[in-house]
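Just below is one structure, and these are the notes that go with it.
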Ligand code: MG
């Protein structure tokens with residue numbers, strides 16, 4: 001057996017998929033394609049999962065990453081080592097197949113209730129104390145320069161910091177507010193414009209001194225090539241869920257490192273099972289910025305996640321080295337959450 005997770009939001013505001021749509025895709029279309037079948041390799045698995053099925057990347061990622069876990073366990077190696085092997089097969093340059101035994105974690109701070117600036121400052125201060133290696137905050141029109149300035153004051157002029165707009169801005173309408181972000185020493189601005197856009201991002205990249213990062217727009221390696229061609233972004237957020245699995249994430253990684261893109265690992269609000277797949281990927285040398293992976297305790301409370309991800313006081317998370325996902329899955333918590341779902 002292998003474990004994987006499909007982690008869309010409950011509502012379709014980040015991607016077109018939802019938890020309901022992913023469940024339907026998995027049970028009706030995707031699971032029947034893999035149960036009882038064998039595959040030549042991961043590339044073959046991805047071919048089969050993608051044949052005649054458009055989109056639905058989150059649903060796909062659930063099954064795809066489960067097969068990676070299964071393969072790694074069967075071979076007695078960690079998911080991290082299996083990724084290294086796959087990167088070699090894809091022809092990723094040797095220096096980018098090197099990895100660290102841990103990766104650095106960054107915190108993502110949402111928009112506080114009532115846009116409470118004092119609360120945001122307190123969150124930022126707490127994040128520093130907990131050892132996070134960078135702070136990112138969510139911004140939107142009307143909530144951008146003021147919170148950005150406030151957090152900058154708290155964390156100091158040089159602490160790694162960026163903002164994520166989740167596609168909330170329109171280029172011409174909001175250009176002055178976007179241009180104003182140039183004043184805060186941000187590492188980059190994440191996905192400022194439409195969730196499917198490349199051309200306006202390219203135009204914005206020409207006009208701002210702050211680099212542009214794409215998240216939502218970067219749907220797969222094909223889009224990655226187009227983004228490079230038009231100069232849409234010099235920074236990429238690679239998310240396993242959004243791109244449909246680890247294989248596509250590895251292809252994007254190769255494309256990025258070979259073209260001088262700064263890469264970092266993003267996550268969804270997911271359990272440790274989903275997080276473990278990104279944990280296995282985020283410590284390779286090409287990942288230049290701290291990952292979005294946060295310890296389980298932040299979202300679940302201690303001991304409540306399906307698979308416990310722990311951060312040390314230096315804000316680092318160790319890459320598991322045991323076979324497969326490399327950390328035990330809590331059967332008790334697994335049963336608990338299953339019961340919650342079936343009660344509904
Ligand atoms: Mg984002």
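The values are calculated or read from the model by the stated rules, or taken from the named source; none is laboratory data. As the structure is a computational prediction, the values presented were derived from the model and not from experiment. Positions of Cβ are backbone-derived with ideal geometry, glycine not excepted, and every protein chain shown enters the neighbour counts.
In the set (1) within 16 Å of the ligand (Cβ to nearest atom); (2) closer than 20 Å to residue 136 by Cα; (3) not in a loop (DSSP other than H, G, I, E, B), residue 289 fails one condition alone, (3). All told, residue 203 meets the bar of being crowded, with 16+ Cβ neighbours inside 10 Å, out of contact with any strand residue (DSSP E or B) (no Cβ under 8 Å at 6 or more places or on another chain) and part of a helix (DSSP H, G or I).
Among the residues that make up the stretch 203-222, is at least one of them over 17 Å from the mean Cα position of the chain (by Cα) and touching a residue at least 40 places away in the same chain (Cβ under 8 Å)? Before the answer, list the steps.
Going through the stretch 203-222, the residues over 17 Å from the mean Cα position of the chain (by Cα) turn out to be 203-211, 222.
From the residues that got through so far, the ones that are touching a residue at least 40 places away in the same chain (Cβ under 8 Å) too are 211.
Taking every residue of the stretch 203-222 in turn, at least one turns out to be over 17 Å from the mean Cα position of the chain (by Cα) and touching a residue at least 40 places away in the same chain (Cβ under 8 Å).
When residue 219 is tested against (1) part of a helix (DSSP H, G or I); (2) closer than 28 Å to residue 205 by Cα, only condition (1) is not met.
If the condition is being assigned to a loop (DSSP other than H, G, I, E, B) and either more than 23 Å from residue 250 (Cβ to Cβ) or away from the ligand (no atom under 13 Å from the Cβ) (or both), then the stretch 206-216 contributes 208, 209, 210, 211.
Kindly indicate the residue of the stretch 247-269 that is in contact with a strand residue (DSSP E or B) (Cβ under 8 Å, 6 or more places away or on another chain) and more than 16 Å from residue 105 (Cα to Cα) and also surrounded by the fewest Cβ atoms within 10 Å (Cβ to Cβ) among those meeting that condition.
First, pick out the residues of the stretch 247-269 that are in contact with a strand residue (DSSP E or B) (Cβ under 8 Å, 6 or more places away or on another chain): 249, 252-253, 256-257, 261-267.
Within this subset, residues satisfying the condition of being more than 16 Å from residue 105 (Cα to Cα) are 249, 252-253, 256-257, 261-262.
On the way: 249: 27, 252: 25, 253: 28, 256: 24, 257: 22, 261: 22, 262: 18.
Going through the qualifying residues, I end up with 262.
Among the residues of the stretch 228-240, those identified as touching a helix residue (DSSP H, G or I) at 6+ places or on another chain (Cβ under 8 Å) and not in a strand (DSSP E or B) are 228, 230, 231, 232, 233, 234, 239, 240. When restricted to residues that are within 10 Å of the chain's Cα centre (by Cα) and within 15 Å of residue 7 (Cα to Cα), the stretch 287-300 contains 2. Checked against (1) under 26 Å from residue 338 (Cα atoms); (2) in contact (Cβ under 8 Å) with a residue 24 or more places away in the chain, residue 76 passes all but condition (1).
Scanning the stretch 248-286 for residues that are more than 12 Å from the chain's Cα centre (by Cα) and assigned to a loop (DSSP other than H, G, I, E, B), we see that the one that is modelled with the lowest pLDDT is 283. Here the helices (runs of 4 or more DSSP H) wholly within the stretch 81-198 that include at least 3 residues being touching a strand residue (DSSP E or B) at 6+ places or on another chain (Cβ under 8 Å) are 117-130, 145-155. Scanning the stretch 162-194 for residues that are within 13 Å of the ligand (Cβ to nearest atom), in contact (Cβ under 8 Å) with a residue 40 or more places away in the chain and buried (at least 19 other Cβ atoms within 10 Å of the Cβ) gives 162, 164, 167, 188, 190, 191.
Hey, any hits in the stretch 332-339 for a residue that's part of a loop (DSSP other than H, G, I, E, B) and either modelled with pLDDT of 90 or more or touching a helix residue (DSSP H, G or I) at 6+ places or on another chain (Cβ under 8 Å) (or both)? Within the stretch 332-339, none of the residues are part of a loop (DSSP other than H, G, I, E, B) and either modelled with pLDDT of 90 or more or touching a helix residue (DSSP H, G or I) at 6+ places or on another chain (Cβ under 8 Å) (or both).
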